[in-house]
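Right, one structure below, let's go through it.
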Amino acid sequence: MAKIIVVTSGKGGVGKTTSSAAIGTGLALKGNKTVIIDFDIGLRNLDLIMGCERRVVYDFVNVINGEANLKQTLIKDKRTDNLFILPASQTRDKDALTKEGVERVLNELAKDFDFILCDSPAGIEAGAMMALYFADEAIVVTNPEVSSVRDSDRILGMLSSKSRRAEQGLDAIKEHLLLTRYNPERVEKGEMLSVEDVKEILSIDLLGVIPESQAVLNASNSGQPVILDKDSDAGQAYLDTVDRLLGEKVPFRFLAVEKKGLLKRIFGG
Amino acid sequence: MSLLDYFRSSKKSTANTAKERLQIIVAHERRRRNSPDYLPQLERDILEVIRKYVDISPEDIAVSLEQRGNELSVLELNVTFPEDKR
């Protein structure tokens, strides 16, 4: 049975696509057959982050409309085995995704895959609702910043009332908090909400904390999921996140300010 | 605690302000989510009626519907009158 996980946030620009690409790649690295679906119809971007933008032939909406089959449409990742991408359509038709169509595609994917990762668009419009509707679990990507936390709470409300699981009275969607762009220096100075603050306000399980990192922009510049940059802090934090998603107990890293040694203080770095 | 921290602590950190503001607004919005759709309109109507007599602002009024057990719902209305208008 495939597990359907939505990566969502409400607010834009917090790192949904970066996180979808990293976590999807991480799940595949661990031997799980994984597909990442870009639900951001009209604003396709997952392909760029994954570095497969020039290999897109058909898209999600083509599959729903029966203009192409999944085999023709899925893009197999060149770096990571077991990993596939289903790109969003660039159509401007906002109603291109129907509940029936999405369900049909998900059911077909579920036969073949262990994990189906749904990269949600920002906002609470139809596209975002469609991305979360069929989810078994949700990763709520949040920045330690007031508008992002508030929007995350809004999305948590949607998960518990507007999803398939809510409507059919099934077990609730399992909700995970992924805190991104975390800056321990600013937290220590009292300039940024801490992990504990955000956990307390949203009161959901903490899945991971990704530090603010230069590696993220470098990764997206080169179309390579940041989790493959194994020497980077963000890459390692995503690896830990994936382990936790798979049920392992992993201590949280990169939460405290790194103490600089004397040499580092003198020479920088 | 260093001397610097001592001076710093006299001013509340912005992170703390953020947390307090979020706790209030999130609690408010959660209450609203779990309440009937007519409640905001009811609140506006009550506000209008009171405003005929006393000048209060929207934040001076709070309406909530609390479910107590299966049988009983309590509609709670809180209106704060400004000091000089009493």
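Rule-based calculations on the coordinates, nothing more; no lab input. Being a predicted model, the structure only gives us computed values, none of them experimental. Cβ atoms come from the backbone with ideal geometry, glycine included; neighbour counts cover every protein chain shown.
The long axis of helix A:146-159 is offset from the longest Cα principal axis of chain A by roughly 40 degrees. If you bin all the Cα-Cα distances of the protein assembly as shown at 20 Å, starting from zero, the percentages per bin are 26, 49, 22, 2. Considering only Cα atoms, the convex hull volume of region A:93-168 works out to 99 Å³ per residue. About the centre of its Cα atoms, the protein assembly as shown shows a dipole size close to 780 debye [charges on the beta carbon of Lys, Arg (+1) and Asp, Glu (-1) only; nearest 20 debye].
Per residue, the convex hull spanned by the alpha carbons of region A:1-83 comes to 113 Å³. Distance distribution note for region A:50-98: the fraction of Cα pairs above 12 angstrom is 61%. As a rough footprinting exposure proxy, the listed residues A:M1, A:M158 were ranked by other beta carbons within 10 Å of their own, and the order from fewest upward is A:M1, A:M158. Since only A:F134, A:I4, A:S194 are under comparison, the one whose Cα sits farthest along the positive direction of the charge dipole of chain A, derived from C-beta charges on Lys, Arg, Asp and Glu, is A:S194. Separation of region A:89-114 from region B:13-57 is 39 Å, based on Cα centroids. Computed from the alpha carbon atoms alone, the convex hull of region A:147-190 holds 80 Å³ per residue. Note on B:18-27: average number of Cβ atoms from other chains within 10 Å of each residue's Cβ is 5.
Along Cα→Cβ, 7 Å out, is where each label goes; now give me the distance between the ones at A:Q168 and A:D231 in nm to one decimal. Computed distance between label sites A:Q168 and A:D231 equals 4.8 nm. Residue ranges A:216-228, A:103-115 sort as A:216-228, A:103-115 when ordered by packing (mean number of other C-beta atoms within 10 Å per residue, highest first). Between helix A:99-110 and chain A there is an angle of about 70 degrees, using the helix long axis and the longest principal axis of the Cα atoms.
For the residues of B:32-45, the average number of beta carbons from a partner chain within 10 Å of their own beta carbon is 1.
In angstrom, the C-alpha Rg and Dmax of region B:47-86 are 13.2, 42. What you get for region B:16-86, charging only the Cβ of Lys and Arg (+1) and of Asp and Glu (-1), is a dipole of about 200 debye around the Cα centre. Over the residues of chain A, the helix contribution to mean residue ellipticity at 222 nm works out to -10500 deg cm²/dmol, using -39500 (n - 2.57) for each DSSP H run of at least 4. Kirkwood radius for region A:118-269, taken over all pairs of different Cα atoms as the inverse mean of 1/r, rounds to 16.9 Å.
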